[in-house]
Amino acid sequence: MLLYHGIVFLPLIGFLIAGLYGTHIGARACELITCVFMVIVAIFSWIAFFFMAFSNVNVLHIPVLCWMTVGDLDINWAFRIDTLTVVMFVVVNSVSALVHIYSIGYMQHDPNRTRFFSYLSLFTFMMLILVTSDNLIQMFFGWEGVGLVSYLLIGFWHQRSEANRAAMKAFIVNRVGDFGFLLGIFCIFVLFGTVDFNDLFLRSLSGQFSGGLSFFNGKIIGEDALTIVCLLLFFAAMGKSAQFVLHTWLPDAMEGPTPVSALIHAATMVTAGVFMIARMSPLFELASTALTTITCIGATTAFFGASVSLVQNDIKRVIAYSTCSQLGYMFVALGVGAYGAGIFHLFTHAFFKALLFLGAGSVIHALSDEQDMRRMGGLWKYLPKTYWMMIIGTMTLTGVGIPGTFFGTAGFFSKDPIIEAAFIVANPFGEYAFWILILTGFFTSFYSWRLIFMTFHGKPRATADIMHHVHESPPIMLFPLLFLGFGALFAGVLFQPYFFGYAYQDFWNGALFTSESNNVVHAVHHVPLWVKWLPFFVMTAGFFLAFLFYIVMPSMPKALKARFPKIYKFLLKKWYFDEFYTIFLVTPAFAIGRVLWKKGDMKIIDGFGPNGIAVRVLDITNRIVRMQTGYLYHYAFTMLVSLVMLITWMLIGSIR
């Protein structure tokens, strides 16, 4: 049991040491302490993974403390350790440990790196609270915790106005989704009378509803109420995992340091929504309408992210929109009931997307913080190790592999089953998702190789001064790339049988729930041959088209841009979502706030309240002060007038 306590609390201890004593022990000591703790945690996580995943233990409940008691509701802080938890342990802690190590080199000249390392450890701790939660309240605590620390990390360089705006945007958009999470928790408690996962899952599967939902004097009970609950939870996942409509915060979050991008957008925060829906699979399996909605939104998000990546020029933004697209794949898997495939893609995505982000950071580091790919080119000679690591990451992202064989990258083994599951599932949006994901695969291959060709091939487009200082990253930054490259290449072939293959049931051991009518795990192996080979052909076509555009005929992209300016601008402006929100949400909100501030607060509340009373008191006291002249005859005159008025009043009273 101490193993699991160490996994969760060592990052917290690292945060406290670096945050409270960083100025006393120095930046180097903070780096070493937090990194050593995270390496230990990563090793512990792999031990826990092999113990839980390959044993007969179903689930462990490890009590920590009694958290709160409200009436008959007892909320305990406890760890729920099952296969899903230990998979997230491996993902979160492995990537976090490598990001910590990488940051030693990347942030070596930053004067505030003690604060940076403390934030990284705190973020990891909050994510571990989320994935080990044994009830919805504890999950919500971790959910909000990663949102808070992501705000701190994205806005780490708070001297930049762009970083501050990006941090605020991420924080506010996530709060919109989190409101849905709160409503979902409230509705679950009303329906089932509990927020504990064990009791909740047992009651939902046996149909033991404690109550119903009331809306406009109407009563909603049973599966209809459960559908509303699942839609509210999915709305929360849309915000955290940057799904279509609530996606706008993710690309702007690139204003934070590159290691932050690798941590948040590869393995932790953006995968929280996928994890939450997988954890709540006993509820979602009973809400077919919610699953259909997830499939539709996930497929649309995959296409949106890939289409926008086609024309982006910032190397980090290309990878950011790629993350958005790949998250869409994961949600499609969840929507069609292929929960194992969704988590498997989450698992492999952590390796190859962290590899791409950290590789991009190595390029940016070599080019004196240049991020525009139009000012790169010809770098493969100067950054050979980074180049080959980026090639591995790109091959994995595009899903290089030969169907029906054991030859393939991790992305091939985790992404293709999602496409095949969308093809065979009896979901109203299954066919839509299948063809959208095929088209997305073509786009993914094109923009991924476009990034490689623009960054590393062709003639150098950077200034002579920058090219003079280009150099390979130090070993402290290259070591994490090598480890991630190994995972990107081999994690798929090694773990596919367990996550979504013949050992599915024994591996998950009840951590993911699939109903009796859900046979997608078996049916996915019997799809037509053309379905298996179609992703391979579109991936190959995307590569050759990118090679043609950026190596053979580099003038072609400019010609297409001139030929279709409206389409190009539409994609470059990210489908105009930011402009739409600015016009219809942000500007009216600021206008209303300005009216409430100036008219409501300053003029009415302050005018008639504190400020109004203060002015009247000052006016009266000023008049009284003017009566105190200091002349004796003034006081005598006042006394005489007062005496006359008193005698007059007494005489009138006696006459009556």
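Shape class for segment 374-448, computed from the alpha carbon gyration tensor (a ≥ b ≥ c): oblate, with a/c not under 1.5 and a/b at or below b/c.
Where only DSSP H runs of four or more residues are counted, the chain gives -23000 deg cm²/dmol as its mean residue ellipticity at 222 nm, each run worth -39500 (n - 2.57).
In the chain, taking the dipole from charged Cβ atoms about the Cα centre, the farthest positive-side position among 640, 457, 439 is held by 640. Compute the distance from the alpha-carbon center of segment 413-479 to that of segment 134-176, in whole Å. Spelled out, the Cα-based centre of one part sits 27 Å from the other.
Report in % the part of the accessible area of segment 426-547 that belongs to carbon and sulfur, leaving out ligands and nucleic acids; probe 1.4 Å. Carbon-and-sulfur percentage of accessible area, whole number: 71.
Can you grab the distance from the C-alpha centre of segment 334-352 to the C-alpha centre of segment 482-509, Å, no decimals? After rounding, the separation between the Cα centres reads 11 Å. Pop out the carbon and sulfur fraction of the accessible area of segment 562-656 as a percent, whole number, probe 1.4 Å. Whole-percent figure for carbon plus sulfur exposure: 75. The phi-based Karplus calculation (6.51 cos²θ - 1.76 cosθ + 1.60; θ = phi - 60°) puts the 3J(HN,Hα) values of segment 134-150 at 10, 7, 5, 5, 5, 5, 5, 4, x, 4, 6, x, 5, x, 5, 6, 5 Hz, whole numbers, x for Gly and Pro.
Loop only per DSSP, at most 15 neighbouring Cβ atoms within 10 Å: give me the chymotrypsin sites (Phe, Trp or Tyr not before Pro) in segment 155-252, ordered by residue number. Sites meeting the loop and neighbour criteria: 216. Phi-derived couplings, Karplus 6.51 cos²θ - 1.76 cosθ + 1.60 at θ = phi - 60°, listed residue by residue for segment 571-580: 6, 5, 8, 6, 6, 6, 5, 4, 5, 4 Hz, with x used for Gly and Pro.
For segment 248-280 versus segment 198-217, the spacing of their alpha-carbon centroids is 31 Å.
In this structure the amide hydrogen of residue 79, modeled in the peptide plane, comes within under 5 Å of the amide hydrogens of 62, 64, none closer than 5 places in sequence on its chain.
With the Cα gyration tensor of segment 10-50 giving a ≥ b ≥ c as the square roots of its eigenvalues, does the rule (a/c under 1.5 for rounded; else a/b larger than b/c for prolate; else oblate) give rounded, prolate or oblate? Taking the square roots of the gyration eigenvalues as a ≥ b ≥ c, segment 10-50 is prolate.
When the Cα positions of 494, 308, 622 are compared along the charge dipole of the chain, 622 comes out farthest toward the positive end, with charges on each C-beta of Lys, Arg, Asp and Glu.
Within the set (i) 31.3, 109; (ii) 43.2, 211; (iii) 30.6, 122, the number that Rg and Dmax of the Cα atoms in Å takes when calculated for this structure is listed as (iii). For residue 513, the residues whose amide H sits under 5 Å from its own are 281, ignoring neighbours fewer than 5 places away on the same chain, with H placed 1.01 Å from N.
With contacts taken as Cα pairs under 8 Å at a separation of at least 6 residues, the chain carries a relative contact order of 12 percent. Under the classification rounded if a/c is under 1.5, otherwise prolate if a/b is larger than b/c and oblate if not, where does segment 372-517 fall, given a ≥ b ≥ c as square roots of the Cα gyration tensor eigenvalues? Prolate.
Summed over the residues of the chain and divided among them, the accessible surface reaches 43 Å² per residue at a probe radius of 1.4 Å.
Using θ = phi - 60° in the Karplus curve 6.51 cos²θ - 1.76 cosθ + 1.60, the 3J(HN,Hα) couplings for segment 485-493 round to x, 4, x, 5, 7, 10, 4, x, 5 Hz; x is entered for Gly and Pro.
The values are calculated or read from the model by the stated rules, or taken from the named source; none is laboratory data. Computed from a prediction, not measured in an experiment: that's the story for all the values here. We place every Cβ from the backbone using ideal geometry, glycine too, and count neighbours over all the protein chains shown. The protein model used for the area step is the full one, side chains on, heavy atoms only, and it has no ligands, DNA or RNA in it. Shrake-Rupley method; radii C 1.70, N 1.55, O 1.52, S 1.80 Å.
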